[in-house]
Structure formats: structure tokens, C-alpha cells
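Reviewing the structure listed below.
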Amino acid sequence: MKVLLINGSPHKDGCTFTALSEVAKTLEKRDIKTKNFWIGNNPIKDCIGCGACVTKGTCVFADANYKELVEECKSANGIVVGSPVYYGGPTGAICSLLDRIFYSAGKYLTGKPGAAIVSCRRGGASAAFDRLNKYFTINKMPVVASQYWNSVHGNKPEETVQDLEGMQTMRTLGENMAYLLKSMDKAGLKKPEYEVPTKTNLIR
């Protein structure tokens, strides 16, 4: 089994990476492989709502980040998405990439456990955490919880590790992700059979 850890920070080895690494240590201790995926710090295209992916099966913007992440999602058994808090929410870059991934390739993640973690200096963690969790709930993914909101505090990695409760929250998240993945594997159940989505426009 493998869990994909997506680092949505422009800083490759910053506070978000530090938090994700703590989750990874616990998963590896439970014999679950992890793969780190850093989205980088170059501009990422937004979803433009063209709908072409519905017929093409892929986003019209074939940038390397998108293509690589789709392939990683196919082989992952679960994902953890991490982001620093910018103005009370996740980074624009991670939201832009996830909007495109989930709209055009969400089928590769449906039914797989997902979790979000956020890193902030002081406030905004709960709003950013809520924003990221919406990707999972809309895509029929079990959301993995911890002992508190999945957040750490600090302005530098060395400050993040001083947040003892935050780091423990990351380890508990790793334990819960491992438990859920192993339970699902042991049960050997097929994914649920979903109805064809019914979409109702509220103005009609």
C-alpha cells in the first residue's frame, strides 16, 4: 500500500513538508509506503471551466505537474494534501491544481481515504483545513481524522517541531490512515456501487 503526500507549499522543505514528514514516519512505521509530491513554485494554471476534460478524459492544460500527479493518484491507496495558510485559506497554487485534478481525474481517487493538513503561523488553520476537505467529501472519499484539526503552527520548520500537540496530531493522523487502509485491505470489500449523479440547478 502507498499513501501519496502532496506538498502544496512553494517551499519544498518548509513547515508543510515538516508536518507531512511526521505523517510519513508513522505510515512507514506501519509498513505503508509513502511518496512525496511537491507541486513546485512555478505558476499553475487554473481550471477555466471549458469542460473539454469531460470528452477528452484529461485536462487541456498538459503541464508536467498535472500529468505527473494524475499518474501518482492512480497508484496511490490514499492521499494527504498539505498547504500553508495564505490569507485564511490554502495556497492558490494547490487549489488551482486540485480543482483540475479532481474535476478531470477524480475517478482515480474516488473511494480512497483522503486527509488534509495545514501549516500556519497563527490563525486561519480551520478555514484552510475545511477548504481542502471539500475535495474529498465531494469525491466520495472517506476523510481521515486525527485528535484535533490537522494543523501545525510555526513560521519556520524548527518552530513547527516545537508545536508538540501539532506534531502529535500528525502522528495520530498517520496511525488512523494506516488503520483505515489496512482495515479496508483486510476486509477485501469492493467499492460501493454508486448511483449515476443527479445534478439539480437551484434556479430551475
>> Given an 8 Å cut-off on Cα distances and at least 6 residues of separation, report the relative contact order of the chain as a percent.
In response: 25 percent
> So which residue, out of A127, A64, A105, gets the largest mean-square fluctuation from a GNM of the chain using Cα contacts under 10 Å as springs?
Replying inline: A64
> Mean projection of the alpha-carbon convex hull of the chain over all orientations, in nm²?
Replying inline: 12.3 nm²
> Between the range 71-133 and the range 7-69, what is the C-alpha centre distance in whole Å?
Replying inline: 8 Å
>> If the reach is capped at under 26 angstrom between alpha carbons, list the lysines near K182, excluding any in the same chain fewer than eight residues apart.
In response: K2, K25, K29, K33, K35, K74, K107, K112, K134, K140, K190, K191
> Which helices pass in the chain if a helix is a full DSSP H run, must span at least 18 angstrom along its long axis by Cα, and must have mean Kyte-Doolittle hydropathy not below -1.0?
Replying inline: 15-29, 92-105, 125-138, 164-187
>> Taking R0 as 30 Å, what FRET efficiency do you get between V54 and H11 from their Cβ-Cβ distance, rounded to the nearest 0.05?
In response: 0.30
>> Please report the antiparallel percentage of DSSP beta bridges with both residues in the chain, rounded to the nearest 5.
In response: 5 percent
> Once both labels are modelled 7 Å past Cα along the beta-carbon direction, what's the V196-T137 spacing in nm?
Replying inline: 2.8 nm
> If exposed GluC sites (Glu not before Pro) are those in a DSSP loop with at most 16 other Cβ within 10 Å, what is the longest stretch of the chain that has none?
Replying inline: 1-192
> What nm distance separates the two modelled labels at A127 and K107, each placed 7 Å from Cα along Cα→Cβ?
Replying inline: 3.7 nm
> Which residue, I32, I48, I117, tops the fluctuation ranking in a GNM of the chain built on C-alpha contacts under 10 Å?
Replying inline: I48
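Read-outs: derived from the displayed coordinates by stated rules, not from any lab. All values reported here derive from a predicted model rather than from experimental measurement. Quick reminder, even Gly has a Cβ in these numbers, built from the backbone with ideal geometry, and neighbours come from all protein chains shown.
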